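First up is the structure itself, then whatever we jot down about it.
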Amino acid sequence: MRNAITRSTTFGNEAETGNAPTLVWAICTVARSGSSWLSQLVASTQRMGIPEEYLLDWRKQALRLGFSRETSLEEYLWVLLRHRATPNGVFAIKGSVEELRPFFDFFPNAPCVWLSRENKLEQAVSWHKAHDGGLWTRTDTEMTSAPFEASLERIRFFHHEILRRENLWQEFFRRREVSPLMLTYEQVCLSPLESVKSIAAYIGIDPQTIHHVTSPLKVVRDATTAALVERAEQAAGSQRKS
């Protein structure tokens, strides 16, 4: 089985590979870059895979799906490839650099979409609110995070962590032969359909077949986010002056 799933990102012999997908690709990201929203936009096309964080604590995910504790990562991936691809044979996955390292061991040439966020400070505030307030996504504008103590120190911590993880992605991409498609959260917000079409063209799917994208997720960013960003910017400015 290992030879069958590690040979390349595409599979030309259906008899040899069973129901293996014909295309495998990944969304490479850091927390709070809009990857959940983008993933749902992609999945709504029903032609580009169903990207999720399949390798985030994969052993627990495997147990919830009915696998035994002895199940190997290779076995888990193989089942995902066969059962989480779209009908046209496309499998997609998303995750952080640490989550996806084992995936790239099997698929070293998989096309990558690198999703980042232009406003890193706003991203850090969003991570702080999600991590400490518990609201990672929402489908209803009335949903709010749990009460938490906003902390400039925590915002600085998450800002540093964002930069550290982006550096890991940059290092990873420098070592690869396949250059990533680079997208930002802000670009996706501005033009969701065109962003998904650009991914389709990059991974080899005719973008003219993509006519509509949708997601039930709502923007989590709110007035509290803006206020915390302003506080963090003022604090950073004061530090530079001192």
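Every number in this text was worked out from the coordinates using simple rules, so none of it is lab data. The structure presented is a predicted model; accordingly, all values stated were derived computationally and were not measured. Methodologically, a virtual Cβ is constructed for each residue, glycine included, from the backbone with ideal geometry; neighbour enumeration extends over all protein chains shown.
Taking Cβ atoms as reference points and 12 Å as the exclusive limit, the residues near residue 49 contribute a net charge of +2, counting Lys and Arg as +1 and Asp and Glu as -1. As a proxy for reagent exposure, ranking 48, 182 by other Cβ atoms within 10 Å from fewest up yields 182, 48.
Identify all aspartates and glutamates with a Cα-Cα distance to residue 129 below 14 Å; exclude those on the same chain that are fewer than 8 residues away in sequence. Straight-line reach from residue 129, under 14 Å: 149, 153, 222.
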